[in-house]
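Since the structure comes first, as structure tokens, the remarks are kept for the end.
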2 protein chains.
Amino acid sequence: MGEATIRDVARRAEVSVASVSRALNGLNNVRGETRERIVTAARELGYVPHAGARSLSLARAHAIGVVLPDLHGEFFSECVRGMDREARRRGYLLLLSNMHDDSEQAAVALRAMRGRVDGLLVMAPHIPPESLEQALPSALPAVLINAPDEVTSRPSLRLDNRAGAEAMVRHLLANGYRHIVHIAGPEGNVDARERLQGFRDALAELAPDMPVRIIAGDFNEEAGEAAARQILASGEPCDAVFAANDMMAIGCLHTLRQAGKRVPEDIAVAGFDDVPLARYLALTTMEVRIAEIGARAVSRLIDMLEGKGPGTPVELHEPALIARATTAARSADHG
Amino acid sequence: MGEATIRDVARRAEVSVASVSRALNGLNNVRGETRERIVTAARELGYVPHAGARSLSLARAHAIGVVLPDLHGEFFSECVRGMDREARRRGYLLLLSNMHDDSEQAAVALRAMRGRVDGLLVMAPHIPPESLEQALPSALPAVLINAPDEVTSRPSLRLDNRAGAEAMVRHLLANGYRHIVHIAGPEGNVDARERLQGFRDALAELAPDMPVRIIAGDFNEEAGEAAARQILASGEPCDAVFAANDMMAIGCLHTLRQAGKRVPEDIAVAGFDDVPLARYLALTTMEVRIAEIGARAVSRLIDMLEGKGPGTPVELHEPALIARATTAARSADHG
DNA sequence: CCGCCGACAGTAACCGGTTACATAACCTTT
DNA sequence: AAAGGTTATGTAACCGGTTACTGTCGGCGG
């Protein structure tokens, strides 16, 4: 039953395995009548070629692996959506797997891809540069997305987090906010680090007299909620919150409103990423066209695989400010 | 460079390939000193075993494939999260791929998994039963999630959509709503069909005098927005909207509010799925513990792979009502 | 001292495809 | 009719692992 091989098909069609292979792969050097016999036999047996065997023999899997930090949240699904579109367009199968925070496990996940895919797309903002270099099987071409910029051995796509954070600070100041608190992302994460740095630099440059307040977070909604409670509890003045990502901004927004604060009249809230949800909450944020970044990553990887050269080693994408209601300009009677 | 094989390792460690294989797989019939030489050689060469070759030889890939309708939206990422947890726990690699609406492409996606994975998890509420049976490689064990119940050749997990819709109708009626409109999901989709049927049946049974109003939709936010506009435009009375999923409910909620309607005072809104976002919008919905369903599916599939029998052919999961603010009980002065 | 046994290591077949090369059949061409 | 070319098909090696089987060596009992 179910596990027909090419030899079974050959036997049934009374030809050699070579002919079966040729016929099913559409080579033209098979007589029409023979081809027909083979196709029929294959259909009758429910023959489906064994991808592992084929890729072993061709040294080509026609698949690319994607390794993401965690497959949840809208941000990642958007990214995958863009990747899938491009991969499909160019005739590759996309295989996703995820990687947890632990560097050790990350290495296992990456190694497991060897011999299953032709190349790798890795988003690893949270893995230390040297671990990442170590963990990548040298046999596999790879394109990195938002990896620390110390990792130079592979081409990569990066987001201009600093510029983004700076644009947001500029926007908040322009709209009349004076006491801005930043909710930071997890420590080991490059995006978080760069956004924090951008916030610091922008403030130092544009409003050197203002105090710099940072609350630690981890990119999850709960961290945003906790930060909101902390802001409410501390007596210190605060008229705007800039969270390092949307999920924290959303958690914060929710908790502030529950506590009776009006947003943006009492406190403005801004995020980063522009997840689909942000629009519904009228959350001001930095748009990261992540689907597009995903698609570009696929495209570059396939170019590498097909020998079209790696192109630019590092490609920088600029996020764009999306101003919405949560940071509406202050009217004159405030602050 | 990078593509060291087991033979390269054998050569460098001055042993046979058999010994390398034994040593690296932790078999005990290798002398300590030999093992050490092999491990060193492997490390020096950056050797990573070729998964394709190994699975060909073992007839076991230690991987399971997941094929989902579309990898976007929180619903799917939650599902994958649950699957990943369980797969990891049991030592399997999870490989995701997605499938578009077209039955033809779906078949290709499913076939592509043959020889890459040991078994398949398929969520295909939108593929006609016979196409699905056709498309599944018979060599691959599979567990179906929310497939039409006509597909009986494979074990499956199903959601009790009818009971869910009925519970929601009951809730809305109990809270004093009288004119309930249902925004349906896409026609070919089983979940959508069953929710619609459940809505119809519940209404017929519990409030036979009430008109049954259905607006077509497709599970996307935009459909919810369009439905809201249609409800506003038509003069017909409507004090509650029950959308077949949360995304449509969210779109509808947003548009109603933008048009100046108060929710729930003027119109109540309810969804289905309980995506993480629903909580932030205080949206009443049916909780579908999709992560748990995903984990169960993995567990059952692995049981099959390891010969522990398929267990129950169909496993039914009950959704639970989560009542939130968007359907708060009407006060006496309304309607 | 001989035969037997256990521990360790090597040889080669096999998994299921692809394809270079060999072969056979048929058709031209002179 | 022989030489040469073209086309359809078969044979077998190969991709990179695993493992059954075989062989070697040292120790031990008789």
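The values are calculated or read from the model by the stated rules, or taken from the named source; none is laboratory data. Bear in mind the structure is a predicted one, so any value in this text is a computation, not a measurement. Cβ placement follows ideal geometry from the backbone for every residue including glycine, while neighbour counts extend to all protein chains displayed.
Summary of computed values
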read-out	value
Residue that is more than 24 Å from A:Leu58 (Cα to Cα) and touching a residue at least 24 places away in the same chain (Cβ under 8 Å), where the choices are B:Ala4, B:Ala23, B:Ala13	B:Ala13
Total residues in segment B:1-39, condition buried (at least 18 other Cβ atoms within 10 Å of the Cβ), among the basic types (Lys, Arg) and assigned to a loop (DSSP other than H, G, I, E, B)	0
B:Ser97 vs. criteria more than 16 Å from DNA strand C (Cβ to nearest atom), of a type in the set (S, T, N, Q), crowded, with 22+ Cβ neighbours inside 10 Å and under 20 Å from A:Ala63 (Cα atoms)	yes
Count - residues of segment A:1-22 that are within 10 Å of DNA strand C (Cβ to nearest atom) and of a type outside the set (S, T, N, Q)	11
Selected residue (criterion: farthest from A:Ile64 (Cα to Cα)) from residues of segment A:101-117 that are within 11 Å of another protein chain (Cβ to nearest Cβ) and touching a helix residue (DSSP H, G or I) at 6+ places or on another chain (Cβ under 8 Å)	A:Ala107
Condition check for B:Asp303: free of Cβ contacts under 8 Å to residues at least 24 places away in the same chain, out of contact with any strand residue (DSSP E or B) (no Cβ under 6 Å at 6 or more places or on another chain) and within 30 Å of B:Val143 (Cα to Cα)	yes
Condition met for B:Ile64 (more than 13 Å from DNA strand C (Cβ to nearest atom) and either within 30 Å of B:Leu305 (Cα to Cα) or at pLDDT 95 or above (or both))	yes
Residue in segment A:23-33 that is away from every other protein chain (no Cβ under 14 Å), near DNA strand C (Cβ under 7 Å from one of its atoms) and not aliphatic (A, V, I, L, M) present	yes
Residues of segment A:146-183 satisfying the condition of being of a type in the set (A, V, I, L, M), buried (at least 24 other Cβ atoms within 10 Å of the Cβ) and touching a Gly at 6+ places or on another chain (Cβ under 9 Å)	A:Ala165, A:Met168, A:Val169, A:Ile183
Selected residue [within 9 Å of chain B (Cβ to nearest Cβ), surrounded by fewer than 24 Cβ atoms within 10 Å (Cβ to Cβ) and either in a helix (DSSP H, G or I) or within 16 Å of DNA strand C (Cβ to nearest atom) (or both)] from A:Arg54, A:Arg85	A:Arg54
When residues of segment A:1-22 are limited to those that are of a type in the set (A, V, I, L, M) and either more than 8 Å from DNA strand D (Cβ to nearest atom) or closer than 10 Å to A:Tyr47 by Cβ (or both), the one farthest from the other protein chains (Cβ to nearest Cβ)	A:Ala13
